[in-house]
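The values are calculated or read from the model by the stated rules, or taken from the named source; none is laboratory data. Note that this is a predicted model, so its numbers are computed, not measured. Note: areas computed on protein heavy atoms with side chains; ligands, DNA, RNA excluded. Shrake-Rupley method; radii C 1.70, N 1.55, O 1.52, S 1.80 Å.
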Amino acid sequence: RLPIGVALPQARAFLDALRGVLPGRVEIAGSVRRFAETAADLDFVAETPNPDAAVAAIAALPTVADLVERTPA
């Protein structure tokens, strides 16, 4: 688990990267959005016209090692 002081800047940096490759709305979600004391992972919510292309764009980002979960619309 990461303290919020470490997780929040990382989430914001990744949010910027996501907004650079995804059309539509992207926001931080989960424990970081709620400003919990610690975060086990970084969660994001994306609204996009082409989910398959969005997943491919996210997977291609240099900071992404693996996609753990994708929830269908």
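Structure values in brief
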quantity	calculated
Residue ranges of helices (runs of 4 or more DSSP H) in the chain with at least 2 members β-branched (Val, Ile, Thr) and modelled with pLDDT under 95	51-59
All positions within region 14-55 that are more than 20 Å from residue 70 (Cα to Cα) and open to solvent by 60 Å² or more (accessible area, probe 1.4 Å)	34, 35, 37
